[in-house]
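Step one of this worksheet: look at the structure below.
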Amino acid sequence: MSKLTKNDKAFIEFVRRECKRVGIKMDLLPTGYLRIGNIRCSGYFDADNRKLVCATNRPDFLSILVHEYCHLTQWEEDIPLWGASGNSLTKVDEWLGGKRVYNIKKHLAVSRDLELDNEKRSVKMIRKWKLSINVDDYIKKANAYVLFYNWMYHSRRWSTPQNSPYTNPLVQEVMSTRFNMKYSELSPRTYKAFKEANI
């Protein structure tokens, strides 16, 4: 975990209080990544099991916490995408595990759209709290993560912690610093970047 500012620490305490208020257990674990279903990740929000979990032994810990907390806001507000995504996220996980899933493109699209909404919320939160996170870099990584759901249709695999869409320089190079990309499909340029990056 990199050095936290006063605002960063205040935000972490805010998330802790918010989790307590809505009956969610917040776990900050001193590890590099976590395992959930068929994927390894850096954090997750699980409404069914009432948990928000983040790996803290990583330089982007604060970004991950913002992202996962914003999933909590989607859940608490009960946005339409949240309800639709429950089934779709399960189907994507089953498909990544080798199961045959009908309409996988639709399930990937619902999951992608949920993440796009969440990333926009995350940027608003970073700005509101004046966190020590570079917003341009965050949006590039967010765009890579959102578009990764389109790439998964071709790769049928989750990324590894060593080669993720938000750390690979080939992918980062073709990402915008604004939420102005075409998210419904990969452009030839983004497809080429994901393919060359072998994520």
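Inspect all residues belonging to the range 101-110 and state whether any of them is in a strand (DSSP E or B), within 21 Å of Arg157 (Cβ to Cβ) and free of Cβ contacts under 8 Å to residues at least 40 places away in the same chain. Before you say what the answer is, go through the steps one by one.
First, pick out the residues of the range 101-110 that are in a strand (DSSP E or B): none.
Checked against the condition, which is being in a strand (DSSP E or B), within 21 Å of Arg157 (Cβ to Cβ) and free of Cβ contacts under 8 Å to residues at least 40 places away in the same chain, the range 101-110 yields no hits at all.
Within the range 76-95, restricting attention to residues that are among the hydrophobic types (A, V, I, L, M, F, W, C) and surrounded by 18 or more Cβ atoms within 10 Å (Cβ to Cβ), the residue that is nearest to Thr31 (Cα to Cα) is Val92.
The single condition from (1) over 17 Å from Asn150 (Cα atoms); (2) in contact (Cβ under 8 Å) with a residue 60 or more places away in the chain that Leu96 fails is (1). Considering the range 167-189, and only residues there that are under 17 Å from Leu114 (Cα atoms) and hydroxyl-bearing (Ser, Thr, Tyr), the residue that is surrounded by the fewest Cβ atoms within 10 Å (Cβ to Cβ) turns out to be Ser184.
Check the range 139-147 and report whether any residue there is of a type in the set (A, V, I, L, M, F, W, C) and part of a loop (DSSP other than H, G, I, E, B). The answer is no; no qualifying residue exists. Once the range 38-81 is narrowed to residues that are in a loop (DSSP other than H, G, I, E, B) and hydrophobic (A, V, I, L, M, F, W, C), the residue that is nearest to Arg156 (Cα to Cα) is Ala47.
Residues in the range 124-144 that are free of Cβ contacts under 8 Å to residues at least 12 places away in the same chain and more than 16 Å from the chain's Cα centre (by Cα) were compared, and the one that is farthest from Met175 (Cα to Cα) is Lys128.
Values quoted throughout were computed directly from the atomic coordinates according to the rules given, and no laboratory measurement underlies them. Model, not experiment: these values are computed from the prediction. No Cβ is skipped: glycine too gets one built from the backbone with ideal geometry, and neighbour counts run over all protein chains shown.
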